Amino acid sequence: MPAKRTLDGVVPKHQQLRDALARLAREELAPGDTIPSERELMVTYAVSRDTVRKAIAALVTDGLLVRAHGKGTFVALPRIESHLHLASFTKDMRRRGLEPTTLVLGARLAPAPLPVLDFLGGAPRDEHWRLERMRLADGQPMAHELSWCSATALPDLGRHDLTGSVYAVLAEHYGYAIDQAEQTTWAEVPDEPMSRLLDLPEHTAVLLFHRQSTAAGTPLESVLSTYRGDRYSLHMSLDSSMPSDAPHPPNRKAAR
């Protein structure tokens, strides 16, 4: 617990407290550590509860702190930065020194939604592989993944081990190397079941990635991935050209 100190000067107290808590989180605490309680901060810095809450709220917005309902406020785990590129989750995490694991929640043939059929091919009620998986990095939930894979090109996909890279399975068992994809990314507030699956702190948004992938022109995969917004960020290199027909985010319900 820091020694008692006084906040003064022309800078508003909640901003001074925010800066003090930021230094505490970066220099004295480790990711996952709990910061002092509101009462302790009020006494230490001789400020009101409203001032404490404003300072903490600003650092939660900045991504330095996270709140867990009923548990307290913690120093946030570092975000994983991803460059937009064509690679599997497994390779992406290992490239960052993290150990990826996958929990398969379901792998079955099922009638595909019409937007999926438009890409993979087929008529209404035609079945494709529906894969639902949880992706973890160093044992921590990172993403939920709902994939539709071509039953025509991949007739017995559900019999394979899907706890690793599906792209590796496609290459090794079917001779398909994913070489092209279209991907759309957006952010939204998740529903309660998704928040529980990802073990999200309160009021945390998610990043969604909708990807349609092909190998040598053969449509193979339509996947909707939901990533934790507090653990994942994107890096993009931009230029002055902008396509006039950039795609809009797909209807999420249709993707299910």
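The values are calculated or read from the model by the stated rules, or taken from the named source; none is laboratory data. Computed from a predicted structure; not experimentally measured. We place every Cβ from the backbone using ideal geometry, glycine too, and count neighbours over all the protein chains shown.
Listed by first and then second residue, the pairs with beta-carbon distance under 6 Å, at least 6 apart or on different chains, first residue in segment 161-181 and free of Cβ contacts under 8 Å to residues at least 40 places away in the same chain and closer than 21 Å to residue 106 by Cβ, second surrounded by fewer than 14 Cβ atoms within 10 Å (Cβ to Cβ) and among the small types (Gly, Ala, Ser), form an empty list. Of the conditions (1) surrounded by 15 or more Cβ atoms within 10 Å (Cβ to Cβ); (2) aliphatic (A, V, I, L, M); (3) not in a strand (DSSP E or B), residue 134 satisfies every one except a single condition; which number is it? Every condition holds for residue 134 apart from (3). Return the residues of segment 139-167 that are outside any strand (DSSP E or B), closer than 14 Å to residue 102 by Cα and of a type in the set (Asp, Glu); say none if nothing qualifies. Across segment 139-167, the qualifying residue is only 161.
Residues in segment 28-62 that are of a type in the set (Ser, Thr, Tyr), part of a loop (DSSP other than H, G, I, E, B) and touching a residue at least 24 places away in the same chain (Cβ under 8 Å): 37 only. Of the residues making up segment 187-217, those that are crowded, with 19+ Cβ neighbours inside 10 Å and assigned to a helix (DSSP H, G or I) number 1.
Does residue 67 count as within 21 Å of the chain's Cα centre (by Cα) and among the charged types (D, E, K, R)? Against the criterion (within 21 Å of the chain's Cα centre (by Cα) and among the charged types (D, E, K, R)), residue 67 qualifies. Annotation note: of 189, 206, 223, the sole residue that is in contact with a Cys (Cβ under 9 Å, 6 or more places away or on another chain) and either at positive phi or at pLDDT 90 or above (or both) is 223. Of 162, 146, 114, 131, all but one fail to be closer than 18 Å to residue 213 by Cα and over 23 Å from the mean Cα position of the chain (by Cα); the exception is 114. Within segment 28-60, the set of residues being at pLDDT below 90, under 22 Å from residue 231 (Cβ atoms) and over 24 Å from the mean Cα position of the chain (by Cα) comprises 29 only.
Of the residues making up segment 79-135, just one is under 13 Å from residue 223 (Cα atoms) and modelled with pLDDT under 70, namely 88.
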